[in-house]
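Participant: First the structure, then my questions, so here it is.
The values are calculated or read from the model by the stated rules, or taken from the named source; none is laboratory data. As the structure is a computational prediction, the values presented were derived from the model and not from experiment. Counting neighbours? That spans all protein chains shown, and the Cβs are built from the backbone with ideal geometry, glycine included. These area figures cover heavy atoms from the full protein model, side chains too; ligands, DNA and RNA do not enter into them. Shrake-Rupley method; radii C 1.70, N 1.55, O 1.52, S 1.80 Å.
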Amino acid sequence: MSEVQTRSRMRFLPSGSALHKLSALITLLLLILAFSFTSPAFLSVNNGLTVLLQTAVIGLLAIGMTMVIITGGIDLSVGSVLALSGVVTGLLIKAGLPVVPAMALGVVAGGVCGFVNGLVITKMRITPFVATLGMMMIARGVALQLTGAAPISRLGETFGALGNGSFFRVVEMQANGFPKVIFPGIPYPAVLLLVMAVLGAYLLQRRQIGRHIFSVGSNEEAARLSGVDVVRTKIWAYTASGALAGLAGMVLMSRLVTIQPNEGVMYELDAIAASVIGGASLMGGVGSISGSMIGAFIIGVLRNGLNMAGTSAFIQQIIIGVVVIGAVFIDQMRNRN
Amino acid sequence: MLNTATEKTPLVEMSHIHKRFGGLHAVEDVSVSLNAGEVVGVLGHNGAGKSCLMRILSGAMKPNEGKILINGQEAVIDTPQDARLNGIETIYQTLALANHLDAAANLFLGRELKTRFGNLDDARMFSEAENALRQLNPNFKNLRDAVSNLSGGQRQVIAIARAIYFQAKVLIMDEPTAALGPSETAMVADLTLRLKAEGIGIFLISHDMHDVFELCDRVMVMNKGRNVGTFAIKDVNKDDVLSLIIKGALPDDWTPRGQA
Ligand SMILES: Nc1ncnc2c1ncn2[C@@H]1O[C@H](COP(=O)(O)OP(=O)(O)OP(=O)(O)O)[C@@H](O)[C@H]1O
Ligand SMILES: [Mg+2]
């Protein structure tokens, strides 16, 4: 629907969500422009790839978060679930399982956490905020308990492939015997993010489950009366969010080639911020994957650009906080008119 | 005429329905039946329990006691899906529309049309919705707008179109014309008679005495959750019905008007 809708509207004048996305995109471009003036190294291929890598984790989390937010819920547990998934994978590798099945089971562990969130929310009728706040503490506690709060390292080279490898990498041997990187390649995490974002957008826009996710967030009672299985739809969304958190955990831990049970603290807030900057409404019924990806990149570029300009981490927090409030405020102003 | 109708097995028979909310008896021991090709008016003051009774038949609400027979068979209607499987469609008083979705998405919500690959067939849903809506309102525009941007009357038309599109056997209309203008109201009246002629049984909740007397074959009046009388429409006049609605009893001098 909204693809067709967006296209037909764009012909006249962008409005509503299309306008929001457009302004978010312009903000992103302005940020890139501003940072390329302040620090010349910002607009290099290498730095571009760094931003891509950094954004991949937040982006993956934001895909699931967007689905949950569209149902009218929230998932505060993704940062902890990310860590727990990593721990599960690390322990399985240590127990002798090969990397690929261990990673797959790590993603499954994330999905299970999400599924439990869904059950607690729908069957026990606990609000999403409280249910996922509980899961946030439980998953973090389990991750720390299983590892004794110590990182798991020496996981082998293959474990680092997902986070550090890339497609189309071109390296040339120089006369002096040292390799020279001609093209650093497209990192696997960036490709993974693209694939998951396209898949997520497809599910939301073109499949029945996506339509039901929107309807549940728009008017839960109407969805129920129309024959939508509200419980199943919500459980689906939280499970997807958990599994994507697991996948984000794989990418992050693989990049570090170490399992850090302390990783991912406050990542849920970045993912929520990305969704909200991208136009998702915490009231439910509104949001898009493309918008959230723009939001994730705005946060990624802001962090990276401010880093390169030498801004302290504290000031970065302040700026991102202001951006989140500003984005929502501007959106509300526009909707009122 | 009424005799032959009662000898047949009714399409729907609700018997001894009770619905309580804490101490409040919203529906108290109500029995009512509906035959094919018949319009039964469900009347009563605000808060009399009309919507509750109908929501029980639509599967939107579970009764505390009572049973429902469809074609003489006891039916389990626990969810809106169960009601639909029994051929029961409902126009809810609240309309039950998802505000952020457009008309077509609402019309097919829960019953989306899909392509061979299981994708949403938005093109077909749109053209079907366009046809269905134009039948009720030839000037229906803004089909692609989110329904929150539509007028109350347009929203009501979507709710009506959704209920009749899927070829119900039983139609529940809970104040279907509350937000409609005179010409749309007349259109819904025509539609009601057409569906009745097709053999569909209709429960009509309305506060409009004119509509009730024009469309209904029988009326069932509720007062404070109780059924205070079911009458063939020819046996009562407006004053009788108003007296039932307000006092819960017929005027003292009442005799069946049809026989007079
Ligand atoms: N979900 C609910 N929870 C608690 N009480 C309810 C609920 N739904 C209805 N009631 C109560 O049950 C009674 C009957 O309500 P109902 O909606 O059936 O009235 P109605 O006859 O349809 O009135 P109206 O003409 O105003 O639509 C009212 O007193 C109402 O407050
Ligand atoms: Mg009512």
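Participant: Taking interchain pairs and intrachain pairs at least six residues apart, which have beta carbon atoms under 8 angstrom, with the first residue in segment B:37-49 and in contact (Cβ under 8 Å) with a residue 24 or more places away in the chain and the second near ligand 2 (Cβ under 9 Å from one of its atoms) and not in a strand (DSSP E or B)?
Facilitator: Pairs found: B:Val42/B:Lys50; B:Val42/B:Met54; B:Leu43/B:Lys50; B:Gly44/B:Lys50.
Participant: Take segment B:100-122 and flag every residue that is within 8 Å of chain A (Cβ to nearest Cβ) and open to solvent by 50 Å² or more (accessible area, probe 1.4 Å).
Facilitator: Of everything in segment B:100-122, those that are within 8 Å of chain A (Cβ to nearest Cβ) and open to solvent by 50 Å² or more (accessible area, probe 1.4 Å) turn out to be B:His100, B:Arg111, B:Lys114.
Participant: For the subset of segment B:69-84 comprising residues that are farther than 14 Å from B:Ile17 by Cα and small (Gly, Ala, Ser), which member is farthest from the chain's Cα centre (by Cα)?
Facilitator: B:Gly72
Participant: Within segment A:211-224, can you find the residues that are more than 8 Å from chain B (Cβ to nearest Cβ) and either on the phi > 0 side of the Ramachandran plot or surrounded by fewer than 23 Cβ atoms within 10 Å (Cβ to Cβ) (or both)?
Facilitator: Scanning segment A:211-224 gives a single hit, A:Glu220.
Participant: Inside segment B:211-238, can you point out the residues that are within 22 Å of B:Ala178 (Cα to Cα) and without any contact (Cβ under 8 Å) to a residue 60 or more places away in the chain?
Facilitator: B:Asp211, B:Phe213, B:Glu214, B:Lys238
Participant: Among A:Met173, A:Met124, A:Met137, which is the only one that is touching a Pro at 6+ places or on another chain (Cβ under 8 Å) and open to solvent by 50 Å² or more (accessible area, probe 1.4 Å)? Give the steps one after another, and end with the answer.
Facilitator: Values: A:Met124 fails: touching a Pro at 6+ places or on another chain (Cβ under 8 Å); A:Met137 fails: touching a Pro at 6+ places or on another chain (Cβ under 8 Å).
Result of the check over A:Met173, A:Met124, A:Met137: A:Met173.
Participant: I'm told B:Val32 meets every condition in (1) more than 16 Å from ligand 1 (Cβ to nearest atom); (2) surrounded by 14 or more Cβ atoms within 10 Å (Cβ to Cβ) except one. Can you identify the failing condition by its number?
Facilitator: B:Val32 satisfies all of (1) more than 16 Å from ligand 1 (Cβ to nearest atom); (2) surrounded by 14 or more Cβ atoms within 10 Å (Cβ to Cβ) except (1).
Participant: Which residues, counting only those in segment B:132-152, are touching a helix residue (DSSP H, G or I) at 6+ places or on another chain (Cβ under 9 Å), more than 9 Å from chain A (Cβ to nearest Cβ) and open to solvent by 60 Å² or more (accessible area, probe 1.4 Å)?
Facilitator: Within segment B:132-152, B:Gln135, B:Lys141, B:Asn142 qualify.
Participant: Does B:Asn71 satisfy the criteria of being exposed (fewer than 15 other Cβ atoms within 10 Å of the Cβ), within 16 Å of ligand 1 (Cβ to nearest atom) and either at the interface with another protein chain (Cβ under 10 Å from one of its Cβ atoms) or touching a residue at least 24 places away in the same chain (Cβ under 8 Å) (or both)?
Facilitator: For B:Asn71, the condition - exposed (fewer than 15 other Cβ atoms within 10 Å of the Cβ), within 16 Å of ligand 1 (Cβ to nearest atom) and either at the interface with another protein chain (Cβ under 10 Å from one of its Cβ atoms) or touching a residue at least 24 places away in the same chain (Cβ under 8 Å) (or both) - is not met.
Participant: Among all residue pairs at least 6 apart or on different chains, which show Cβ distances below 9 Å where the first residue, located in segment A:264-286, is at negative phi and the second is of a type in the set (Asp, Glu) and open to solvent by 30 Å² or more (accessible area, probe 1.4 Å)?
Facilitator: Once the first residue is at negative phi and sits in segment A:264-286, its partners that are of a type in the set (Asp, Glu) and open to solvent by 30 Å² or more (accessible area, probe 1.4 Å) give A:Val276/A:Asp331; A:Ser281/A:Asp331.
Participant: Of everything in segment B:208-225 that's open to solvent by 50 Å² or more (accessible area, probe 1.4 Å) and closer than 19 Å to B:Val32 by Cα, which residue is farthest from ligand 2 (Cβ to nearest atom)? Give the derivation first.
Facilitator: Within segment B:208-225, the first condition is being open to solvent by 50 Å² or more (accessible area, probe 1.4 Å), and the residues that meet it are B:208, B:210, B:213-214, B:224.
With closer than 19 Å to B:Val32 by Cα added as a condition, the list becomes B:213, B:224.
Values: B:Phe213: 20, B:Lys224: 14 Å.
By that ranking, first place goes to B:Phe213.
Participant: Further question: Got a sec? Which helices (runs of 4 or more DSSP H) wholly within segment B:111-208 have at least 1 residues that are within 16 Å of ligand 1 (Cβ to nearest atom) and under 23 Å from B:Val12 (Cβ atoms)?
Facilitator: B:152-165
Participant: Considering segment A:221-256 alone, what residues qualify as being in contact with a Lys or Arg (Cβ under 8 Å, 6 or more places away or on another chain) and either among the β-branched types (Val, Ile, Thr) or under 18 Å from A:Pro128 (Cα atoms) (or both)?
Facilitator: Listed by number, the residues that qualify are A:Val230, A:Val231.
Participant: Would you check if A:Asn117 is farther than 30 Å from A:Ile186 by Cα and under 20 Å from the mean Cα position of the chain (by Cα)?
Facilitator: On the way: farther than 30 Å from A:Ile186 by Cα: yes; under 20 Å from the mean Cα position of the chain (by Cα): yes.
Answer is yes for this residue.
Participant: Take A:Leu30 and decide whether it is in a helix (DSSP H, G or I) and either open to solvent by 30 Å² or more (accessible area, probe 1.4 Å) or within 14 Å of chain B (Cβ to nearest Cβ) (or both). I'd like the intermediate steps shown before the answer.
Facilitator: Working: in a helix (DSSP H, G or I): yes; either open to solvent by 30 Å² or more (accessible area, probe 1.4 Å) or within 14 Å of chain B (Cβ to nearest Cβ) (or both): yes.
Against the criterion (in a helix (DSSP H, G or I) and either open to solvent by 30 Å² or more (accessible area, probe 1.4 Å) or within 14 Å of chain B (Cβ to nearest Cβ) (or both)), A:Leu30 qualifies.
Participant: Have a look at B:Thr9, B:Thr79, B:Thr94 and point out the one that is within 14 Å of chain A (Cβ to nearest Cβ) and either within 15 Å of ligand 2 (Cβ to nearest atom) or under 23 Å from B:Arg194 (Cα atoms) (or both). Walk me through it before giving the result.
Facilitator: Values: B:Thr9 fails: within 14 Å of chain A (Cβ to nearest Cβ); B:Thr79 fails: either within 15 Å of ligand 2 (Cβ to nearest atom) or under 23 Å from B:Arg194 (Cα atoms) (or both).
B:Thr94 is the lone residue from the list that is within 14 Å of chain A (Cβ to nearest Cβ) and either within 15 Å of ligand 2 (Cβ to nearest atom) or under 23 Å from B:Arg194 (Cα atoms) (or both).
Participant: What are the residues in segment B:41-68 that are open to solvent by 50 Å² or more (accessible area, probe 1.4 Å) and away from ligand 2 (no atom under 12 Å from the Cβ), if any?
Facilitator: B:Lys62, B:Asn64, B:Glu65, B:Lys67
Participant: Let me ask something additional. Might you let me know whether segment B:153-166 holds any residue that is more than 16 Å from ligand 2 (Cβ to nearest atom), more than 14 Å from every other protein chain (Cβ to nearest Cβ) and open to solvent by 50 Å² or more (accessible area, probe 1.4 Å)?
Facilitator: For segment B:153-166, residues more than 16 Å from ligand 2 (Cβ to nearest atom), more than 14 Å from every other protein chain (Cβ to nearest Cβ) and open to solvent by 50 Å² or more (accessible area, probe 1.4 Å): absent.
Participant: Another question, if that's okay. Among the residues of segment B:178-198, what is the count of those that are within 16 Å of ligand 2 (Cβ to nearest atom) and modelled with pLDDT of 90 or more?
Facilitator: Within segment B:178-198, the first condition is being within 16 Å of ligand 2 (Cβ to nearest atom), and the residues that meet it are B:178-179.
Then keep just the ones that are modelled with pLDDT of 90 or more; that gives none.
Of the residues in that region, 0 qualify.
Participant: From the list A:Val45, A:Val116, A:Val87, which residue is more than 30 Å from A:Gly305 (Cβ to Cβ) and open to solvent by 10 Å² or more (accessible area, probe 1.4 Å)?
Facilitator: Numbers: A:Val45 fails: more than 30 Å from A:Gly305 (Cβ to Cβ); A:Val87 fails: open to solvent by 10 Å² or more (accessible area, probe 1.4 Å).
Answer to the selection: A:Val116.
Participant: If I go through segment B:74-95 residue by residue, how many of them are within 16 Å of ligand 1 (Cβ to nearest atom) and part of a strand (DSSP E or B)?
Facilitator: 2
Participant: I need the full set of residues from segment A:217-232 which are touching a residue at least 40 places away in the same chain (Cβ under 8 Å) and touching a Ser or Thr at 6+ places or on another chain (Cβ under 7 Å), in order please.
Facilitator: Residues of segment A:217-232 that are touching a residue at least 40 places away in the same chain (Cβ under 8 Å), as a first pass: A:217-220, A:230-231.
A:Gly217, A:Val231, listed by residue number.
Participant: Out of (1) within 16 Å of ligand 1 (Cβ to nearest atom); (2) at the interface with chain A (Cβ under 10 Å from one of its Cβ atoms), what's the single condition that is false for B:Leu53?
Facilitator: (2)
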